[in-house]
1. Suppose we keep only residues that are in a loop (DSSP other than H, G, I, E, B), modelled with pLDDT of 95 or more and more than 19 Å from the chain's Cα centre (by Cα) within the range 136-173. Which one would you say is surrounded by the most Cβ atoms within 10 Å (Cβ to Cβ)?
2. Filter the range 93-107 down to the residues that are farther than 21 Å from residue 13 by Cβ and either touching a residue at least 40 places away in the same chain (Cβ under 8 Å) or in a loop (DSSP other than H, G, I, E, B) (or both) and list them by number.
3. So, in the range 21-42, of the ones that are in contact with an Asp or Glu (Cβ under 8 Å, 6 or more places away or on another chain) and more than 16 Å from the ligand (Cβ to nearest atom), which residue ends up modelled with the highest pLDDT?
4. Can you tell me which residue within the range 62-105, out of those that are surrounded by fewer than 21 Cβ atoms within 10 Å (Cβ to Cβ) and among the small types (Gly, Ala, Ser), is farthest from the ligand (Cβ to nearest atom)?
5. Just to be sure I understand, how many residues within the range 49-90 are part of a helix (DSSP H, G or I), touching a residue at least 24 places away in the same chain (Cβ under 8 Å) and among the basic types (Lys, Arg)?
6. Going by the structure shown, is residue 18 at pLDDT below 75 and closer than 22 Å to residue 257 by Cβ?
7. Out of 245, 224, 228, I need the residue that is crowded, with 16+ Cβ neighbours inside 10 Å and of a type outside the set (Gly, Ala, Ser). Which one?
8. For residue 135, only one of the following conditions fails: (1) under 25 Å from residue 214 (Cβ atoms); (2) touching a strand residue (DSSP E or B) at 6+ places or on another chain (Cβ under 8 Å). What is its number?
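The values are calculated or read from the model by the stated rules, or taken from the named source; none is laboratory data. The structure presented is a predicted model; accordingly, all values stated were derived computationally and were not measured. Don't worry about glycine lacking a Cβ; one is built from the backbone with ideal geometry, like all the others, and counts go over all protein chains shown.
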Amino acid sequence: MRRVASINIDIDTLSEDLDDRTQTLSSAELRRITYTKVMPRFLDLLKRHQIKATFFIIGKDVAQNKELLKRIAKEGHELANHTMTHPKQLVNLTAKQIEKEILDCGEALRSVTGKYPVGFRAPGYTISPVVLDILRKHGYRYDSSLNGSISYYAIKKSFKALRLKDKAYLTTQRFSDLFSSRAPYRIAVNSVSKKDPNSTLIEMPISVIPYISYPFVSALLLPFHQKFSHIGLSLIRRNTTYLNFELHINEFTKAEDVAGRADTFYLTRNWIQIDYEKRIAYFDALFSAIKKEYDIQLLRDIQP
Ligand SMILES: [Zn+2]
């Protein structure tokens, strides 16, 4: 069986400037920089490797960046739903509010491509049966929010409580869901991790490195030596024929983009400490390794 991989990226802003009332990202200027300065670098990288990727877009960024998003879709990439305002605690909202977050972003993306998106990723990997039911009801094909990493669960519990001072962000993942399938599966109704072959909604889980149960997410791999990622990749390859490699746009920030700004996301501040050329060399090597072993597909085209 041929191996299938997805390269996908969350187009979050470079900010951690959370609005007090809504707990959503509020810096318009950092959102603008994300699209005008940072995004073109990622598009160049994809072009160089001839890779088609899935982009998880925050709906409220769409109106201002329509032309660029149109071009991205036209070049064969997939635009998918990352909620309208990126609320950090999506699952703690009411079902009505969650539905609005999903529908508003879907509508915004339809205004770009003429079609509703079929894929969804929740901010901060926070999903629940309620979120999945809403996706099912509105004809979504897949969710890609499940991060079944025990290491990440532990990191999130301890580290993020201190760094983000955002307690609502923490209380969202059920421990039992960490042991769900590492390959795409059809999600049973009223569940996150149970399978049902007749279900219309597919989970595309984030890949997790076996044995150490560590997420194969570039934000969490970049701090280590490149070798760590390549060993992780080969362990995943031995375990399953599927790879879901998740990136974040802030990994392509240069120091000059955010010079003098105090409200940048702490990970953005970390990445600009790493020489930009070094980061690009990291992605070049990893993308080449993935291309050698996998068919790279859009998430919307991957079969369970
Ligand atoms: Zn996000």
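1. That would be 138.
2. Once the filter is applied, which keeps residues that are farther than 21 Å from residue 13 by Cβ and either touching a residue at least 40 places away in the same chain (Cβ under 8 Å) or in a loop (DSSP other than H, G, I, E, B) (or both), the range 93-107 yields only 94.
3. This residue is 37.
4. 76
5. The total comes to 3.
6. Yes: the conditions hold for residue 18.
7. On inspection, the qualifying residue turns out to be 245.
8. Every condition holds for residue 135 apart from (1).
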